[in-house]
1. Please identify the GluC sites (Glu not before Pro) of region 8-111 that satisfy two criteria: DSSP loop assignment and at most 11 other Cβ atoms within 10 Å. Which are they?
2. Mind checking the log10 I(q)/I(0) for the chain at q = 0.09, 0.22 Å⁻¹? Debye, one equal scatterer per Cα, no solvent, two decimals.
3. Which of Val87, Val53, Val109 ends up with the largest GNM mean-square fluctuation for the chain, with Cα atoms connected below 10 Å?
4. By how many degrees, between 0 and 90 and to the nearest 10, does the Cα long axis of helix 22-43 differ from the longest principal axis of the chain?
5. Using only Cα atoms, tell me the angle between helix 48-119 and the longest principal axis of the chain; keep it within 0 to 90° and round to the nearest 10.
6. Any idea what the relative contact order of the chain is, in percent, if you count C-alpha pairs under 8 Å spaced at least 6 apart?
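Since every read-out is calculated from the coordinates, none of them should be taken as a lab result. Please read these numbers as outputs of a predicted model, since none were measured by experiment. Heads up, the Cβs are rebuilt from the backbone with ideal geometry, glycines too, and the neighbour counts pull from every protein chain shown.
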Amino acid sequence: MGQVNVTINGKNYRMACDDGQEEHLAGLARRLDSSIAQLRQRFGEIGDQRLTVMAAITFADQSAEAAERLRQIEAELAGLEEARGAVVERQAAVEAGVAEAVNRFAEQVEAMAARVSGAATPHDGG
C-alpha cells in the first residue's frame, strides 16, 4: 500500500493509496489545493471549511457535467454505429445488385458469343 504526503489549504495530510497511484493522488491534491486558493482569491477569507466545501461542490458539478457529456457522446456513438450498420447493409445490397448485373451481362455476352460462333462456322457449299 502506497502513501503520499499532500498539502491542501496549508495543511499537510498523509494519505494511503494503491501502489503506483502516489503521483495521481498528489496531482488530485494539488488540483484541490489550487481550486481552494482560487476560491479564496474570489471570495476572501470565508472560512477554511466553507472554501473546502465550495471546492468539493465545484468538482462534483464538473464531474456531473462530464458524466452528462459522456452519456451524450455514448448516445451519439450508438447512433453512429447504427447508421454505420445501415450503410454496411446498403453497401452489401448494392454490391449484390452489381454482382447480379455483371453476371447477367456475362450471360448475355456468352449467349451472343455462342450465336456469333455458330454463325461463323463454315458451311459446306459444294
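1. Passing both the DSSP loop test and the Cβ count: Glu45.
2. Debye intensities relative to I(0), on a log10 scale: -0.58, -1.19.
3. Val109
4. Here the helix axis deviates by roughly 60 degrees.
5. That helix lies at roughly 10 degrees to the long axis.
6. Once divided by the residue count of the chain, the mean separation gives 13 percent.
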